[in-house]
Amino acid sequence: MSGPASLRILMVIHTHWSRDLGAPRVQLELAEELRVLGHTVEKFSYEDAFPALATPRAAAASGGGDGAGRFASRLGAYLASNLSFAARAADFVRRHAARFDVVEAHQTDLPFPKRRLGFDGLLVARSVGLIPAYDQFERFAAARWPEPASPRQLARRLLTWPGRRRRRRDVTASFRAADLINVSNRDDLAALRGPMGFGAKTVIFPFGLSAARRQAFLAARRGAGERLAARTVAFIAAFARVNRSASLCDPRTSWTFTEGGHEATVS
């Protein structure tokens, strides 16, 4: 290693490197803070693994193209999801292993032992949401909030099945290969240290606001009585079953909030 004063760090993630996405934002902001401390940080993300596929996504996101073009773009994205990001990430690490002291990869993204990567530094596996836990909740949600299967859903599941099956296999392999596993919440910590059997090499680094942002948030809030009297709930999340949105947005659901001696029911 080059010494703790100036570590050379590689961050690996299978998504686009964008502040607008939850998972990469964690690494992106961490990389910014590490650079402030004097470390060198590089990344290997979707754009690097699949440069030819990354560019059309921006055009599709902007709403360009006709209906046929959007369908072709969506079909291409489904098929691209079956390509192995991990194989391309591993090839990059093998070619540049000597340049890095630390490699931090999201779960599934480097499911190979360090000897196969030719890397002798610290290999960290990061989870911002444990894949087995998401799969478990999806099964629960399918039973709790059943939805009629549409032709589009069936086609998407069929087209993306090879990639989803590989990622479920690779998540355990990536944890097994890592020297250290970094999770974001106590439930994931308990699962990895307990049933999954990864013990003391699993640590928790919870998300949260910086002191400055927390203070700004507290300064902007109104009193409990005024907030509860408004009978308004602000819900921030992706509208997917895994975020329990189906329950929160169900018109049959009512919620009672109590704060500072005030109570309000929203239904």
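Can you spot a residue in the stretch 175-188 that is surrounded by fewer than 12 Cβ atoms within 10 Å (Cβ to Cβ) and not in a helix (DSSP H, G or I)?
No; the residues of the stretch 175-188 include none that is surrounded by fewer than 12 Cβ atoms within 10 Å (Cβ to Cβ) and not in a helix (DSSP H, G or I).
Among (1) surrounded by 11 or more Cβ atoms within 10 Å (Cβ to Cβ); (2) free of Cβ contacts under 8 Å to residues at least 12 places away in the same chain, where does LEU218 come up short?
It fails just one condition, (1).
All but one of (1) under 25 Å from GLU33 (Cβ atoms); (2) surrounded by 13 or more Cβ atoms within 10 Å (Cβ to Cβ) hold for LEU209; state the number of the condition that does not hold.
The one condition LEU209 does not meet is (2).
Any chance you could count how many residues in the stretch 125-171 are buried (at least 17 other Cβ atoms within 10 Å of the Cβ), in a loop (DSSP other than H, G, I, E, B) and acidic (Asp, Glu)?
Residues that pass the stated criteria total 0.
Given (1) of a type in the set (Gly, Ala, Ser); (2) at pLDDT below 85; (3) touching a Gly at 6+ places or on another chain (Cβ under 8 Å), where does ALA97 come up short, assuming only one miss?
Going through (1) of a type in the set (Gly, Ala, Ser); (2) at pLDDT below 85; (3) touching a Gly at 6+ places or on another chain (Cβ under 8 Å) one by one, ALA97 breaks only (2).
For the stretch 8-58, what are the residues that are more than 17 Å from ALA90 (Cα to Cα), of a type in the set (Val, Ile, Thr) and modelled with pLDDT of 95 or more?
Residues satisfying the conditions are THR40, VAL41.
Conditions (1) at pLDDT below 90; (2) closer than 21 Å to TRP17 by Cβ; (3) not aromatic (Phe, Trp, Tyr), marked per residue:
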site: ALA87; (1), (2), (3): no, yes, yes
site: HIS106; (1), (2), (3): no, yes, yes
site: GLY118; (1), (2), (3): no, no, yes
site: LEU122; (1), (2), (3): no, no, yes
site: ILE131; (1), (2), (3): yes, yes, yes
site: ALA142; (1), (2), (3): yes, no, yes
site: PRO151; (1), (2), (3): yes, no, yes
site: LEU159; (1), (2), (3): yes, no, yes
site: SER174; (1), (2), (3): no, yes, yes
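Answer yes or no as to whether ALA149 is in the same structural domain as VAL102 (by TED's automatic domain parsing) and touching a strand residue (DSSP E or B) at 6+ places or on another chain (Cβ under 8 Å).
No; evaluated as a whole, the condition is false for this residue.
Show the residue pairs meeting these rules: Cβ distance below 8 Å; 6+ apart or different chains; first residue within the stretch 115-128 and at positive phi; second residue part of a loop (DSSP other than H, G, I, E, B).
Pairs found: none.
The values are calculated or read from the model by the stated rules, or taken from the named source; none is laboratory data. These numbers come from a predicted model, not from an experiment. Backbone-built Cβ (ideal geometry, glycine too); neighbour counts: all protein chains shown.
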